[in-house]
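Data block below; observations after.
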Amino acid sequence: MIISNQELENMANRCRINIVKMIHAAKAGHPGGSLSAIDLITGLYGTSLNFDVNNPNWDDRDRFIMSKGHASPAIYSILHEVGFLEESDFMSFRKLGSICQGHVDMKWTNGVDFSAGSLGMGLSFGLGCSFAAKLDDSDRKIWVMVGDGETQEGQLWEAIMAADFHNAGNLKMIIDRNRIQNDDFVSKQMEIGDLSNKLKSFRWEVKEINGHNMKEIIESIKWAEIDNGRPKAILANTIKGKGISFMENNPSFHGMAPNDEQLKLAMEELS
Amino acid sequence: MSSPSIYGASRDGYGNALLRLAANPDVIVLEADLGKSTKSCHFRKEYPDRTISLGIAEQNMMLVAAGLASSGKIPFASTFAIFTERGFEQIRNGIARPGLNAHICGSHGGIHTGSDGSSAQSIEDLAIYRTLPNMTVIHPSDDLSAEELTMQLVNLDGPSYMRTIRNKVQRTYDAKTKENIKIGKGNVIKSGDDVAIVACGVMVSKSIEAAKILNDEGIKVTVIDMHTIKPLDTELIDSISSKCKCIVTAEDHSVIGGLGSAIAEHNSKTNLVPIEMIGVKDRFGESGDSEELFEIMNLTTLDIVNAAKESMARK
């Protein structure tokens, strides 16, 4: 099935509405990093990721490992779009007994491949999945999404080094470069500088894109899909809180739920 | 022809078991530069395609193990016991929480590792891994039991931590008695009514020696190899508590949180018998020979003998 960029943009917009709705209902969550990541996630699920809603644990599915697991509303919104979740599932986000846990968790939610919540671990997990795919002689692809603040974690660089050494060509990392972390702007907390050249110095192949331009997103995914023996990174420049004016580029909305008035404003902007 | 050795180091048992487990194509070995020490090197030599070198980067190794396990593989990841602790939160959040079948082996555990000094002597590993839901925690007493227990791990549903040790000690088992070993079941090595000594790791052979000394003095001793610290064989603990009415625990590990603590936690709810704990008394070690260190740490056979008498006196 070929899906147009316009359809993907519409899907991402529906996801944005649900992201804000579920965080408002939970009175907690992380809107900023969900909204910065959702165009990338939509592009991936809409055009590339191989999975089976009727068989979530299908061995040969592509993996999508959401290392920045606090942006779980983005995942729940896309899993609703593709048929893994009902609206009632994600509207119980963060509530006792909900299959939509605060941070994405493979034990709780069909369609989730990793139990996240502690930053810096997802790429290592993805590397484990990459080894397994090679051992199985499978061409399934392993996608990992990390945040830019997350690149401050030392373990991530252990995995970047190991992925190079082991020629993990089936491993693809998407960096959501939204330039804001929990406390403040990345530049104020611990600037990470020229990520592209840092990754290239580890012999990763890197493509830098606008993470809200669906055409660029799809082109970069097609580029990353090809396994030439090198791990690949899509360095996506994004805007934290993208799509809702008062959340955009606002560190306050890293981990704050909108109130009733803000929900109303957000819905008006997104509709 | 020489007779079989009566000495063995548990790390060798781990290495031997990995080789035997290689018949299962899902078994994958992960190393963090210390394969020659943990003895996964034998597997590497025979099965390089199923051995993954991750360099001196333990945190990454733990999550690589998790990723492999999530894809149906059965990873065995080893390094020194102390360096597994560097990846504790990775094991906690990445392996134990999703309950993945990944098996961590920490070799060179305890004070017994000797002259490398306190930075290398893990005295808290059993305690910290015991706190994790889903984890099985194992500390074998010799090479034969380590081999047998490692063979059983491949069928375990969930993650595990096994502590092995560097140096050879007198064997607890032989080719026949090792057949009685089962994960989660303490092994009764000697049976007597006056006092029960429950030990793990290198302290099992010392407990057997202590029992001989006590027996010569007319004291009848039960000795148990409690190789599985979690899940604890509470049925056996209840039984010896009722029978002997006093217990000595012996471990090359802090008295805080290890085998002694596990038994005391259980007995506080069931059978309040006196318990004397032989273990490291809330201090770090230093360089020295194993036996010299055991002297200054009060981890000797004689310390077990004395603890048995003190425990009996408190009945």
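No value in this document is a laboratory result; all are computed from the given coordinates. The model shown is predicted, which means the values in this text are computed figures rather than measured ones. Please note: Cβ atoms are built from the backbone with ideal geometry, for glycine as well, and neighbour counts cover all protein chains shown.
Multiply the residue separation of B:N180 and B:D193 by 0.36 nm, subtract the distance between their alpha-carbon atoms, and state the gained length in nm to one decimal. List each step's numbers first, then the result.
On the way: separation 13, 0.36 × 13 = 4.68 nm, distance 2.20 nm.
Extending this stretch completely gives an extra 2.5 nm.
What average number of partner chain Cβ atoms lie no more than 10 Å from the Cβ of the residues making up B:53-59? Please list the in-between numbers first.
Numbers: counts 3, 8, 4, 1, 8, 2, 9.
The mean count of partner-chain Cβ atoms within 10 Å per residue comes to 5.
For B:K309, B:K269, which order do you get if you count the other beta carbons within 10 Å of each Cβ and list the fewest first? Don't jump to the answer; show the numbers that get you there.
Numbers: B:K309 17, B:K269 8.
Lowest count first: B:K269, B:K309.
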Legend entry - region A:47-53 - phi-based ³J(HN,Hα) in whole Hz, Karplus 6.51/-1.76/1.60, Gly and Pro as x: 10, 10, 5, 9, 8, 9, 4
Legend entry - Cα-centre dipole for the protein assembly as shown with unit charges at Cβ (Lys and Arg positive, Asp and Glu negative), debye to 20: 320
Inset, instruction - Compute the distribution of all C-alpha to C-alpha distances in chain B, in bins of 20 Å from 0, and list the percent of pairs in each, rounded to whole numbers. - result: 36, 57, 8
Inset, instruction - Could you bin all the Cα-Cα distances of region A:1-106 into 5 Å bins starting at 0 and give me the percent of pairs in each, rounded to whole numbers? - result: 2, 13, 24, 25, 20, 11, 3, 0
Legend entry - Whole-Hz couplings from phi, Karplus 6.51/-1.76/1.60, listed for region A:30-42; x for Gly and Pro: 10, x, x, x, 6, 6, 6, 8, 5, 5, 5, 5, 4
Legend entry - Approximate spin-label separation A:N55-B:F284, in nm, with each point projected 7 Å along Cα-to-Cβ: 5.5
Legend entry - Cα-projected label distance for B:A23 with B:R314, points at 7 Å along beta-carbon direction, nm: 4.8
Inset, instruction - Give the residue from A:I78, A:G97, A:V186 lying farthest towards the positive end of the charge dipole for region A:5-270; charges sit on Cβ (+1 for Lys and Arg, -1 for Asp and Glu) and the dipole is referred to the Cα centre. - result: A:V186
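Distance check, please: which entries in A:K107/B:K176; A:K141/A:K188; A:K134/A:K198; A:K207/B:K45; B:K206/B:K315 exceed 32 angstrom between their Cα atoms? Walk me through the intermediate numbers first.
Details: A:K107/B:K176 41 Å; A:K141/A:K188 35 Å; A:K134/A:K198 26 Å; A:K207/B:K45 39 Å; B:K206/B:K315 23 Å.
From the list (A:K107/B:K176; A:K141/A:K188; A:K134/A:K198; A:K207/B:K45; B:K206/B:K315), the Cα-Cα distance tops 32 Å for A:K107/B:K176; A:K141/A:K188; A:K207/B:K45.
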Inset, instruction - Take every residue in peptide A:153-165, count the Cβ atoms of other chains within 10 Å of its Cβ, and give the average of those counts. - result: 4
Legend entry - Footprinting exposure proxy for B:T131, B:T172, B:T249 (fewest neighbouring C-beta atoms within 10 Å first): B:T131, B:T172, B:T249
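Take peptides B:147-154, B:27-34 and line them up by average Cβ neighbours within 10 Å, highest first, as a rough protection proxy. Each step should come with its number before you reach the end.
Values: B:147-154: 21.0, B:27-34: 22.6.
Highest-to-lowest ranking by the protection proxy: B:27-34, B:147-154.
Can you divide the C-alpha Rg of region A:5-270 by 2.2 N^0.38 Å and report the result to two decimal places? Can you show the working numbers first?
Details: Rg = 17.1 Å, N = 266, 2.2 N^0.38 = 18.4 Å.
Its radius of gyration relative to the 2.2 N^0.38 Å reference: 0.93.
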Inset, instruction - Determine the distance separating the Cα centre of region A:69-124 from the Cα centre of region A:207-233; give it in Å without decimals. - result: 24
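Cα-based Rg of region A:131-185 per 2.2 N^0.38 Å, rounded to two decimals?
Numbers: Rg = 13.6 Å, N = 55, 2.2 N^0.38 = 10.1 Å.
This ratio for region A:131-185 stands at 1.35.
With the Cα gyration tensor of region B:184-313 in hand, convert its eigenvalues to equivalent ellipsoid semi-axes via √(5λ) and list them largest first in whole Å. It would help to have the intermediate numbers written out before the result.
Details: eigenvalues 91, 60, 32 Å².
Semi-axes (√(5λ), whole Å): 21, 17, 13.
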Inset, instruction - Pull up all non-local amide H partners of B:M277: gap of 5 or more, or a different chain, and H-to-H distance under 5 Å with H placed in the peptide plane. - result: B:T249
Legend entry - Inter-centroid distance (Cα atoms) of region B:277-315 relative to region B:140-204, Å: 21
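For region B:117-260, what Kirkwood radius comes out of the mean inverse Cα-Cα distance, in Å?
Numbers: mean 1/r = 0.0648 Å⁻¹.
Result for region B:117-260, one decimal place: 15.4 Å.
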Inset, instruction - Step through the table entries A:K200/A:K232; B:K178/B:K309; A:K68/A:K215; B:K182/B:K212, compare each Cα-Cα distance with 20 Å, and write down the pairs that go over it. - result: B:K178/B:K309; A:K68/A:K215; B:K182/B:K212
Inset, instruction - Beta carbons within 10 angstrom, averaged per residue: use that to sort the peptides B:176-185, B:80-89, B:64-73, highest first. - result: B:64-73, B:80-89, B:176-185
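Could you tell me the ratio Rg/Rh of region B:7-170? Both radii from Cα atoms, Rh via Kirkwood.
Working: Rg = 13.9 Å, Rh = 15.1 Å.
Looking at region B:7-170, the ratio lands at 0.92.
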Inset, instruction - Estimate the FRET efficiency between B:N134 and A:L96 by the formula 1/(1 + (r/R0)^6), using the beta-carbon distance for r and 25 Å for R0, to the nearest 0.05. - result: 0.75
Inset, instruction - Could I have the simple spin-label model distance between B:S242 and A:N249, label points 7 Å from Cα toward Cβ, reported in nm to one decimal? - result: 7.4
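How many partner chain Cβ atoms sit within 10 Å of a residue's Cβ in peptide B:69-79, on average, as a whole number?
Mean number of neighbouring Cβ atoms from other chains: 4.
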Inset, instruction - Return the tail of the calculated pair distribution for the protein assembly as shown, meaning the percent of Cα-Cα pairs more than 47 Å apart. - result: 24
